[in-house]
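The values are calculated or read from the model by the stated rules, or taken from the named source; none is laboratory data. Computed from a predicted model, the values in this text were never measured in an experiment. Cβ coordinates were reconstructed from backbone atoms using ideal geometry, including for glycine residues, and neighbour counts include every protein chain displayed. In case anyone asks, the SASA skips ligands and DNA or RNA and just uses the protein heavy atoms, side chains included. Shrake-Rupley method; radii C 1.70, N 1.55, O 1.52, S 1.80 Å.
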Amino acid sequence: MKLSQSSKRHQWLPRISVITLLLISAGYTYLWFNQAHWLEERVNREIALLQTNQKTTLVHEGVKVTGFPWKLEVKIHNPRLASTQWGAMLLQIDGLLEVESTVWSPEIIVVNALGKTKLTYTPAPQFASLMLEFEDFQGSFEIYHKDYLLKTLKLYDLHLKMLKNRVKVKEISLSMPIQGKLIRPSLTSIATATSQEKILSNSDRSRSFALKIYRMKINEDSATKLPSLLESVEATIHLEEAFNPFAVNPFKEWTAKGGFLEIEKLSFEWGSLKGEGDGTFAFDHKSQPLAAFSTKISGLETFLDHLAQEKIIRKNIASMAKLSLGLLQDKSTSYGESPRHTIALSLQKGDLSIGPLTIAKLPKIEWPLR
């Protein structure tokens, strides 16, 4: 009798398991579609509220929520955002804007633009417009208390235009450091660094990022005749003082607060030059660049020959610089490799210098006005 009852219970267990699984699936499906419906209404309501702001307008050709069963994806067709909140800005995507999160990590927001994206920004009427175009972009953000913290951002086939200036970039990416504690040296001036270390706060970490640029091409008809193609740049950068891109004169405001860029783990390939190092970058009170770097560079002699050939520097200056490089050559350079040199590079008042020797006078930056 006991065996018979036990056998019946075993026969019912699979059925009960199947029924339980079906109930859970039906409940989850109901919850997902209910959440998707709520999210779609919320997005449409936020867009409607945005339209009430006289300084901002957003138009689109439809909003749809998809991604069942594991994601919630908001797809906005051909969005066009215009704002006069901080100057005149127009953002337009010829395609889809996708915003998604997962059931397991709702605090992580992923944004994708599928199609050509155009951005035009004019900070003030007296300034020339900055125009950006790129084919696609991908970004991810983390909801951090009441703010959004950028985790990664990638732009592809970027074209920048400002008056006659043109810059093309095959790929550019920004990513925030993943360490719980980011340690960096503390600078005492723009040109010197101490060995002291300090741990950054959360707000400081939000201004630290890794930058990668692949194949950046600048105007070929540049007045300096320097190589127009920057093959690659990788660096970890800390932004000292918050930078407000929407200010009337953002660089001047940032400089007045003592802002500068601290650049570490820098590596680059530009023309004949390949190097790695660290340093700082800032602007002076006349909005001209200041820089101080310690770098290990190969291909420097070939680069000096190019500068002399293009008459950027005099031949005797190039010869003096090449002679002094012998004292700075890295003795660990392998046979057959291009000589490597450890040098101090600086830029101040337009003077580009290797150590105490000024090798070139760079033109003054005339910030573009209309």
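Odds and ends about this structure:
- Gain on full stretching of the segment that runs from Lys212 to Asp351 - 0.36 nm per residue minus C-alpha separation: 47.4 nm
- Entries in Lys118/Lys252; Lys212/Lys274; Lys164/Lys217; Lys118/Lys217; Lys118/Lys170; Lys118/Lys168 that, when Cα-Cα distance is taken, lie over 25 Å: Lys118/Lys252
- Per-residue accessible area (protein heavy atoms, 1.4 Å probe) orders Thr295, Thr66 as Thr66, Thr295, starting from the largest.
- Each label was represented as a point 7 Å from its Cα along the Cα-to-Cβ direction; for Glu107 and Phe68 these points are 2.9 nm apart.
- Using alpha carbons only, the radius of gyration of the range 256-330 set against its Kirkwood radius gives Rg/Rh = 1.05.
- Estimated inter-spin distance, Ile16 and Ala124, nm [label 7 Å along Cα→Cβ]: 7.6
- Lys/Arg +1, Asp/Glu -1 at C-beta; the range 258-330 dipole; positive extreme among Leu266, Ala292, Ile317: Ile317
- Modelled spin labels at Gln54 and Tyr30, positioned 7 Å past Cα toward Cβ, are 4.8 nm from each other.
- Beyond 18 Å, the tail of the calculated P(r) for the range 115-168 holds 50 percent of the Cα pairs.
- Length available on full extension from Leu96 to His77: 0.36 nm per residue minus the Cα-Cα distance, which gives 6.4 nm.
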